[in-house]
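Asks: Structure below; questions to follow.
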């Protein structure tokens with residue numbers, strides 16, 4: 001047997017050591033935020049919506065958000081990179097929540113029932129989540145172009161759901177024959193504008209929704225003579 005040079009290990013010993021090193025367990029790499037991080041970020045978004053509603057997006061600052069949470073501004077940068085990103089997160093929460101609740105109405109097959117449910121949904125969403133939607137609608141033009149594509153895609157999906165419901169209701173004779181896109185925009189305009197005037201101390205969301213539904217789906221709407229107001 002030949003001698004091994006001093007300071008060298010036998011080849012088999014080297015291979016064993018390399019193999020052990022390769023198999024040595026280490027700390028698992030985190031690929032997703034921790035539940036604590038996600039929960040804290042949700043709290044930040046909620047707080048930001050309140051700040052942006054009360055002070056306005058232009059006047060509201062990250063310092064204001066941090067102060068509301070008892071944090072310093074530097075701590076927020078562990079969760080968001082800028083005020084623009086924070087506004088996007090408020091927007092994304094609003095539109096994602098609205099889409100999720102729309103999806104819950106997908107089981108409705110009757111065109112009239114579905115259209116009525118969509119109208120009611122839009123009114124109730126704004127009444128139940130005023131801070132989110134006031135910030136969304138009032139500050140829509142302020143969204144940074146970095147985030148425009150993702151929000152616009154969800155808005156298009158939202159409009160498409162309403163347009164399909166209008167088309168089905170029109171085909172079933174529940175409403176007059178109208179352009180489905182324009183009809184959807186009309187319904188969204190009517191229901192969305194409640195964010196400007198809805199007062200929970202005065203207005204009942206079910207009554208508001210019922211009034212809108214009656215205006216759109218009343219059986220006598222198509223035969224009533226138009227009223228001309230006096231100037």
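The numbers here are math on the coordinates, done by the rules we state, and not lab data. The structure presented is a predicted model; accordingly, all values stated were derived computationally and were not measured. All Cβ positions, glycine included, derive from the backbone under ideal geometry; neighbour counts span all protein chains shown.
Asks: May I ask you to sort 80, 166 by Cβ crowding, counting other Cβ atoms within 10 Å and putting the fewest first?
Replies: Ascending number of Cβ neighbours within 10 Å: 80, 166.
Asks: In Å³ and rounded to a whole number, note down the convex hull volume per residue for the Cα atoms of the stretch 49-150.
Replies: For the stretch 49-150, the hull spanned by Cα atoms encloses 116 Å³ per residue.
Asks: For the stretch 64-105, what does the alpha-carbon gyration tensor say about shape, rounded, prolate or oblate, given a ≥ b ≥ c as the root eigenvalues, a/c under 1.5 as rounded, and a/b over b/c as prolate?
Replies: prolate
Asks: Send over the per residue convex hull volume for the stretch 90-217, Cα only, as a whole number of Å³.
Replies: Output value, Cα hull per residue: 98 Å³.
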